[in-house]
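Peer 1: Input: one structure, supplied below.
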Amino acid sequence: MAAPLTLYAETGWVSPWVFHVMTALEEKRLPYELELVPLPIPAETKARLRARALIGKVPVLAHGELWLTESLAISEYLAETFPAPGYPRLFPADLGERARARQLMSFLRTDLMALREARPTSSVFGARAGEPLGDRAAIQAAELVAITEHLLTPGRTSLFSEWSIADADLALALMRLVANGDPVPDAVRNYARAQWQRPSLRAFLDRATAPQPA
């Protein structure tokens, strides 16, 4: 790997998309540097990121002359630049399972807005939300659980025949419920908690749950 990898993350450690990219880097066992950016991103920093990556937000992955935003674009790039068998997979080898993984990850990025608002990522890593789910968020929570139950196979700790980055994204979505004490079936809770112990996820989670400086 000639060019170094740098991940631009945010100082609050609450971004689900930084979580996705860091998990991908860790899963690939790639060395990388971390650059932390405060939120809101200062205008000068935003302009610098936009000039290199087109979009001035985090996460940004810098790999040589390529600066890239959007978590799915980044993990796809890592999967193709550092492919199996030389590096661990991020996406299933089976084409149908790979398509399903992409479908699920797209859904998690474009839907569940009421649930994400009621159970923000900060409530997973820090202070709990406290308030019961409203009607719309509860409907979305039920849909999320139903999708998970449909995909889970008893006795397996991943959605598909092998672990994929979709497991990380789904686990974080489910932990919006589990960490806040919302009722979920045991199998769903156990799946999410099992993912939470995976070393590649812990790279982000240990930082997110560490005491923040005053």
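Peer 1: Enumerate by residue number the GluC sites (Glu not before Pro) in the stretch 14-92 meeting two conditions: DSSP loop (anything except H, G, I, E, B), and at most 15 other Cβ atoms within 10 Å of the site's Cβ.
Peer 2: 65
Peer 1: What per residue convex hull volume, in Å³, comes out for the stretch 5-88 when only alpha-carbon positions are used?
Peer 2: 81
Peer 1: Please report, in debye to the nearest 20, how large the charge dipole of the chain is about its Cα centre when each Lys and Arg carries +1 at its beta carbon and each Asp and Glu carries -1 there.
Peer 2: So the magnitude is around 200 debye.
Peer 1: Using the Karplus curve 6.51 cos²θ - 1.76 cosθ + 1.60 with θ = phi - 60°, work out ³J(HN,Hα) for each residue of the stretch 156-162 in order, rounded to whole Hz, and write x for Gly and Pro.
Peer 2: 10, 9, 10, 5, 10, 5, 9
Peer 1: Looking at the chain, I'd like the Rg to Rh ratio, where Rg is from alpha-carbon atoms and Rh is Kirkwood's inverse mean 1/r.
Peer 2: Details: Rg = 17.2 Å, Rh = 17.9 Å.
With Rh from the inverse mean 1/r over Cα pairs, Rg/Rh is 0.96.
Peer 1: Here's another thing I want to ask about it. Kindly provide the pair-distance distribution of the stretch 104-158 built from C-alpha pairs, with 5 Å bins from 0 and whole-percent values in order of increasing distance.
Peer 2: 4, 18, 22, 23, 18, 12, 3
Peer 1: Calculate I(q)/I(0) for the stretch 95-201 by the Debye formula, one identical point scatterer on each C-alpha and no solvent, and give its log10 at q = 0.11, 0.16, 0.24 Å⁻¹ to two decimals.
Peer 2: -0.31, -0.67, -1.49
Peer 1: Could you give me the ³J(HN,Hα) list for the stretch 58-68, computed from phi with Karplus coefficients 6.51, -1.76, 1.60 and θ = phi - 60°, whole Hz, x at Gly and Pro?
Peer 2: For the stretch 58-68, the Karplus curve yields 10, x, 10, 10, 9, 9, x, 7, 8, 10, 9 Hz.
Peer 1: Among residues other than residue 55 whose Cβ falls under 11 Å from its Cβ, what is the net charge (Lys/Arg +1, Asp/Glu -1)?
Peer 2: Taking every other residue near residue 55 into account, the sum is +3.
Peer 1: What 222 nm value per residue comes from the helices of the chain, counting each DSSP H run with n ≥ 4 as -39,500 (n - 2.57) and dividing by all residues, nearest 500 deg cm²/dmol? Show your work: numbers first, answer last.
Peer 2: On the way: 10 runs with 114 residues, N = 214.
After summing the helix terms and dividing by residue count, I get -16500 deg cm²/dmol.
Peer 1: With unit charges on the beta carbon (Lys/Arg positive, Asp/Glu negative), name the residue among 54, 17, 5 whose Cα is farthest towards the positive pole of the charge dipole of the stretch 5-88.
Peer 2: Towards the positive end, the residue furthest out is 54.
Peer 1: Moving on to the next point. Compute the projected area of the convex hull of the Cα atoms of the stretch 39-120, averaged over all viewing directions, and report it in nm² to one decimal place.
Peer 2: Numbers: hull surface 29.0 nm².
Average of the hull's projected areas for the stretch 39-120 equals 7.2 nm².
Peer 1: Also, I was wondering about something else. Of 58, 184, 124, which has the largest mean-square fluctuation in a 10 Å C-alpha GNM of the chain?
Peer 2: Of 58, 184, 124, the most mobile in the Gaussian network model is 184.
Peer 1: Per residue, how big is the convex hull around the C-alpha atoms of the stretch 80-130? Give it to me in cubic angstrom, could you?
Peer 2: Expressed per residue, the convex hull around the Cα atoms of the stretch 80-130 is 114 Å³.
Peer 1: Given the C-alpha centroids of the stretch 179-208 and the stretch 115-172, what is the distance between them in whole angstrom?
Peer 2: If you average the Cα positions of each part, the centres end up 9 Å apart.
Peer 1: Amide H neighbours of residue 37 under 5 Å, counting only residues 5+ apart in sequence or on other chains, H built in-plane at 1.01 Å?
Peer 2: For residue 37, whose amide H was placed from the backbone, the distant partners under 5 Å are 9, 10, 11.
Every read-out reported here was derived from the displayed coordinates using simple, explicitly stated rules and does not represent laboratory data. Keep in mind it's a predicted model, so treat the numbers as computed, not measured. Ideal geometry is used to build each Cβ from the backbone, glycine not excepted, and the neighbour counts take in all protein chains shown.
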